[in-house]
Amino acid sequence: MASRNQYTKYCIFYSDISINIINNYNTIINCTPLGTYPNINICPNIPYMNISNKYYLYDLVYNPKETLFLKRGKKKGSIINNGINMLYLQANISCKIWYKIFYSSIYERILHI
């Protein structure tokens, strides 16, 4: 886990992410607000030069639809996805919990059924 702040001994700073670390993982998830509107020209400071079409980049940010983090991954051929689907799923589960309503069409839309 990487962060702007080191919370535990298992957490490293973005600046500590080396080419070796990038080469050992194929999924990178941005769980920060970096790239959120209006600061759309900011992204996690990682070695993008080693990212390729073998990577999956997921950004919890959904505004803008394609953040700089995702754009950089897309340019390298990576599979990319933003956080809008997670937002829909959370809303649907909340409706199910609080109002006993379940919108299956949301799952169909997200899962492309």
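Specify which of the listed residues (Asn45, Asn23, Asn39, Asn53) is exposed (fewer than 14 other Cβ atoms within 10 Å of the Cβ), part of a helix (DSSP H, G or I) and not charged (D, E, K, R).
Matching residue, one of Asn45, Asn23, Asn39, Asn53: Asn23.
If you take the residues in the stretch 52-76 that are of a type in the set (A, V, I, L, M) and at pLDDT 95 or above, which one is farthest from Met1 (Cα to Cα)?
Kept after step one, since they are of a type in the set (A, V, I, L, M), are these residues of the stretch 52-76: 57, 60-61, 68, 70.
Of the ones still in play, those that are also at pLDDT 95 or above are 57, 68, 70.
Numbers: Leu57: 14, Leu68: 20, Leu70: 18 Å.
Filtering the stretch 52-76 for residues that are of a type in the set (A, V, I, L, M) and at pLDDT 95 or above, the one farthest from Met1 (Cα to Cα) comes out as Leu68.
Can you give me the number of residues within the stretch 1-20 that are farther than 18 Å from Lys71 by Cβ, surrounded by 12 or more Cβ atoms within 10 Å (Cβ to Cβ) and aromatic (Phe, Trp, Tyr)?
The total comes to 1.
Please give the number of the condition Lys96 fails out of (1) closer than 21 Å to Ile40 by Cβ; (2) modelled with pLDDT under 90; (3) of a type in the set (D, E, K, R).
Lys96 satisfies every listed condition except (1).
Can you go through Asn39, Asn24 and tell me which one is farther than 30 Å from Tyr88 by Cα and either hydrophobic (A, V, I, L, M, F, W, C) or out of contact with any Leu (no Cβ under 7 Å at 6 or more places or on another chain) (or both)?
Working: Asn39 fails: farther than 30 Å from Tyr88 by Cα.
Only one candidate qualifies: Asn24.
The values are calculated or read from the model by the stated rules, or taken from the named source; none is laboratory data. In this text the structure is predicted, and so the values were computed from the model without any measurement. Using ideal geometry, Cβ is built from the backbone for each residue, glycine included, and neighbour counts are taken over all protein chains shown.
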